[in-house]
Amino acid sequence: MKGEPRFPWPRPLRSLQLAIIECCLIFLFAAPALLYADASSTDTLPMFGQPKIARSEDLKKADETFIRDSTLRYGNRQAGSNTLAAQGWAAVRSRQVDLAMQRFNQAWLLNPKNYSVFWGFGAVLSEKGKLAEALEHLETARELIQDPIQRVALLCDLGTVHSAYAAHLPADRQLERAQHFVLANSRFTESLENDAKFAPSWREWAMSLYDQERYSEAWLRVKKARELQAEPFPAEFIKKLSAKMPEPK
């Protein structure tokens, strides 16, 4: 009957019972929310923040369920990892960095040795300006990768990030700055030793050498990048390089 109390116990007892049930309901509804908050707080960290951030038992169980379901869905863990990593890269290209990290984390759960995942971690962290952390994951990808074609591009990215990190270091860290420029040059060299016609490496190396104040060498890389029809250099870069040293004829 409309208007009748929902619970049949006497009014004084009902108040206490309602209070208890309300607390229970709050807990029941809050628990998944708290669990979700716990998960979402680490979803945007590589490897869910592990090993620094311990994974709760509830999240470990959720991970196991995800792995089982994904294995059934994609046929095997490797296929699932590759598919999710590809989705992560699509998110990177559309600048959805948090979504990208979530997909890379899921791909990592399925295959902790997937080089594309660590490359993706590095890409997302680079977009966020966390270059030191990005380098750690990119170097891990370099250790794991076995695809010779993809290795060329990965080494180019590594050179670019080492150079960017060096360029942003303060003046009182000159030794560290020099070390990262050395690593940048090493990665670009290795990339081009694998494929001398990989235009992006010539392009990125030219801009790195400008930051190293090695202007004549930068112009040589500019010339080579243009010959290979690399993506055009930013007009501002060519202007700054020309101001330091006119383009050789």
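Every number in this text was worked out from the coordinates using simple rules, so none of it is lab data. This structure is a prediction, so every number in the text was calculated from the model and none was measured. Here the Cβ is made from the backbone with ideal geometry for all residues, glycine too, and neighbour counts use every protein chain on show.
Give, in whole angstrom and from largest to smallest, the semi-axes √(5λ) of the equivalent ellipsoid of segment 130-174, with λ running over the eigenvalues of the Cα gyration tensor.
Each semi-axis is √(5λ); the values are 24, 10, 6 Å.
Tell me, Kirkwood radius of segment 100-249 from alpha-carbon pair distances, in Å?
About 16.0 Å, per the Kirkwood formula over Cα pairs.
Taking the mean number of other Cβ atoms within 10 Å as a proxy for protection, how do you rank 216-227, 158-169, 46-57 from highest to lowest?
Descending packing order for the listed peptides: 158-169, 216-227, 46-57.
Along the principal axes of its C-alpha atoms, what lengths does segment 34-107 span, in descending order and rounded to whole Å?
Each principal axis gives a Cα extent; for segment 34-107 these are 30, 28, 20 Å.
At R0 = 51 Å, how high is the FRET efficiency between residue 247 and residue 130 if r is their beta carbon distance? Nearest 0.05 is fine.
According to the calculation, E is roughly 0.90.
log₁₀ I(q)/I(0) of segment 135-216 at q = 0.20, 0.27 Å⁻¹, via Debye over equal Cα point scatterers, no solvent, to two decimals?
Computed log10 I(q)/I(0) values: -0.83, -1.29.
Restricting to Cα atoms and excluding each atom paired with itself, what does the Kirkwood estimate give for segment 59-154 in Å?
13.4
Roughly how many nanometres apart are two label points built 7 Å out from the Cα toward the Cβ at residue 90 and residue 76?
2.3
Size of the dipole of segment 66-215 about the Cα centre, Lys and Arg at +1 and Asp and Glu at -1 on the beta carbon, nothing else charged, in debye to 20?
I would put it at about 500 debye.
Strictly over 32 Å apart at the Cα level, which of 113/223; 130/240; 52/240; 113/224; 113/239; 52/197 would you flag in this model?
113/223; 52/240; 113/224; 113/239; 52/197
Given a Förster distance of 35 Å, report the FRET efficiency between residue 52 and residue 149 from their Cβ-Cβ distance, rounded to the nearest 0.05.
Here the calculated transfer efficiency is 0.55.
Please give every one of the aspartates and glutamates within straight-line cross-link reach of residue 61, meaning a C-alpha to C-alpha distance under 13 Å, and leave out same-chain neighbours fewer than 8 residues apart.
69
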